[in-house]
Amino acid sequence: MATRLPGNEAPGCNTDDMRMIHGFYRKLYRDAVPMIQSVKAGDAKHRTAVAAHLDEITDSLHNHHRSEDLLLWDTLSARAPSCAIHVEQMKAQHTEVGSLLDQAETLIPRWRESGAPTDADALVEAIEAVRDKLFVHLGNEEEQILPVASVAMRQREWDLIGKHARSAIPGNRRLMNLGYILDSMTPEAGAVWIRANLPAPIRLIYRLVGKRQFEAEQRVLHPGAV
C-alpha cells in the first residue's frame, strides 16, 4: 500500500509517458540488428551512419536508466515498501542491461573501422543480447512498477524523470528524437500524442523542419527502403 504524502497533496500521477518511451526503445532495438545486417561489404558511408545511430541509442538507453536510478527507485521504495522487492529486481536488471550495453559499445567502433563480417556478427550478437534482456525488463517494469508509481508518486515528481532524461539530448538532436518517437507509434496514435503533448509552435517546427530531417536520416540508414 502506498504511503500518503505529508500535507494536503495526495499521491497519484499519470505514467503513460513511460509506456510511450518503452515503445520507442522497443522499436529502436527491434530495428537495430536488421540495420546492421543491411550494410553491404565495403559500404563505409552506410556503416558509419549505422554505427553513429547505434552509439546514439546506447547512450540514450544508458541515460534513460540513469534517470530512473536517480529519481524513481528510492522514492518508490519509501512510498510503497511492499514494492521494494520489485524495485531491487529493476535495479538488478538495469545493471545487467548496462553491462550488455557496455559490451556493445566496445564493438561498435571496431565494426565501424573494420567492416569485417566477424566484427559485424559479434556486434549483432551483442545487440541481440541487449534487446532480449531489455524487452524482459520493460515488460516487468510495466507490470510491476508503473501501477504502483501511479498511486504512490506526485505528478511533479514523476515528470522530473522525463525532464532529467530529456536534458541529456543534444539540442541539435531533439527534433530527430521526436521523429523516432513518432516512428514508434501508428500514424493515428502519433497524431493524437503530438497534439496532446507539444505546443503548436513545436508541432509547426517539426512539420516544417524536423520531419524532413528525420526522413533524410532514414534514407541514409535504410538506403533504398525509404
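Among the conditions (1) among the hydrophobic types (A, V, I, L, M, F, W, C); (2) out of contact with any Ser or Thr (no Cβ under 7 Å at 6 or more places or on another chain); (3) assigned to a helix (DSSP H, G or I); (4) touching a residue at least 40 places away in the same chain (Cβ under 8 Å), the only one that Trp158 does not satisfy is (2). Considering only residues that are part of a loop (DSSP other than H, G, I, E, B) and hydrophobic (A, V, I, L, M, F, W, C), look in the range 175-226 and name the one that is farthest from Asn14 (Cα to Cα). Among those residues, the one meeting the criterion is Ala225.
Here's the yes/no breakdown for (1) of a type in the set (Gly, Ala, Ser); (2) loosely packed, with under 15 Cβ neighbours inside 10 Å; (3) without any contact (Cβ under 8 Å) to a residue 40 or more places away in the chain; (4) assigned by TED's automatic domain parsing to the domain that holds Leu182:
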residue: Ala10; (1), (2), (3), (4): yes, yes, yes, no
residue: Met20; (1), (2), (3), (4): no, no, no, no
residue: Tyr25; (1), (2), (3), (4): no, no, no, no
residue: His53; (1), (2), (3), (4): no, no, no, no
residue: Glu56; (1), (2), (3), (4): no, no, no, no
residue: His65; (1), (2), (3), (4): no, no, yes, no
residue: Glu68; (1), (2), (3), (4): no, no, no, no
residue: Ser77; (1), (2), (3), (4): yes, no, yes, no
residue: Ala80; (1), (2), (3), (4): yes, no, no, no
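Residues considered: Ala200, Ala196, Ala191, Ala149. Of these, the only one that is surrounded by 12 or more Cβ atoms within 10 Å (Cβ to Cβ) and not assigned by TED's automatic domain parsing to the domain that holds Ser82 is Ala191.
Within the range 72-131, track down each residue that is of a type in the set (A, V, I, L, M, F, W, C) and outside any helix (DSSP H, G or I). Of everything in the range 72-131, those that are of a type in the set (A, V, I, L, M, F, W, C) and outside any helix (DSSP H, G or I) turn out to be Leu72, Ala80, Ala116.
The values are calculated or read from the model by the stated rules, or taken from the named source; none is laboratory data. All values derive from a computational prediction rather than experimental measurement. Cβ coordinates were reconstructed from backbone atoms using ideal geometry, including for glycine residues, and neighbour counts include every protein chain displayed.
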